[in-house]
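What follows is a set of notes on a single structure, which appears directly below.
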Amino acid sequence: MASFSERLQVGETHERRVADELRRRGWVVDQWGQGVLSKPIRDGLWRSNSRLRYLPDLIATRDSDIVTIDCKDRMQSKTGRYSVKRECVNFGLQLTALGVPVFYVFGNLAVLIPTEVMSYDRIGPHATGSGAYLLVSERNARELDDVFGIPGTASA
C-alpha cells in the first residue's frame with residue numbers, strides 16, 4: 001500500500017498532465033477543489049463527511065463552455081475497469097444538475113461523466129446495488145480528444 005504522500009504525488013502529477021493536455025486543446029485551466037484549500041479546511045471537510053470533499057480537481061473554460069474535471073489516476077484496475085467512489089458520483093450528479101458539468105479523466109486519459117458511471121455500472125454483471133465503488137468497463141469510456149478536442153485546436 002502506497003503512503004499518503006506517494007498517492008498525493010501521483011495525483012498531483014496526473015492533475016498537471018490533464019491540465020497540460022486541456023491547455024493544448026485550447027482550454028484555460030485552473031486548480032479547483034480541495035487542492036486550493038488550506039489543510040485545516042480540508043481536514044474539516046473530511047471530519048464533517050460533507051460531499052464538498054468530492055469537488056473536482058480542475059475547472060476549465062473555452063469559449064462559452066465551463067467544465068470541471070476530477071482526475072482519477074489510480075482508479076483503473078487490472079481487470080479492465082475503472083472505479084469511482086459512489087459518493088463522488090452522487091456529488092458529480094448534483095453539480096451537473098446545477099449546470100456544472102463534471103468529467104472524470106483516468107490515468108490513460110479516458111473520460112467518463114457521472115451519468116455514464118451510474119448507467120454502465122448498473123448494466124454490468126458485477127452490479128450489486130451496494131458497495132462503496134462503482135465499476136465501469138474501460139470499453140465504455142471515451143478518449144480525451146473526442147471530449148475536449150484535438151491538440152492545437154480551439155474547438156471540439
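No lab work stands behind these numbers, since they all come straight from the coordinates. Quick caveat: nothing in here was measured; it's all calculated off a predicted structure. Here the Cβ positions follow ideal geometry from the backbone for every residue, glycine too, while neighbour counts run over all protein chains shown.
Helical content alone sets the calculated 222 nm signal of the chain at -11500 deg cm²/dmol, taking -39,500 (n - 2.57) per DSSP H segment of four or more residues and averaging over every residue.
The stretch between Asp30 and Ser64, if pulled fully straight at 0.36 nm per residue, gains 10.6 nm over its current Cα-Cα span.
Remark: spin-label model distance Arg86-Glu12 equals 3.3 nm, labels positioned 7 Å along the Cα→Cβ axis.
Kindly provide the trypsin sites (Lys or Arg not before Pro) of the stretch 1-53 that DSSP labels as loop, not H, G, I, E or B, and whose Cβ sees at most 14 other Cβ atoms within 10 Å.
Working: sites: Arg7, Arg16, Arg17, Arg23, Arg24, Arg25, Arg42, Arg47, Arg51, Arg53; in loops: Arg25.
For trypsin sites (Lys or Arg not before Pro) across the stretch 1-53 that sit outside H, G, I, E and B with at most 14 neighbouring Cβ atoms in 10 Å, the list is empty.
In the elastic network of the chain, a GNM with C-alpha springs shorter than 10 Å, the most mobile of Ser64, Ser137, Ser38 is Ser64.
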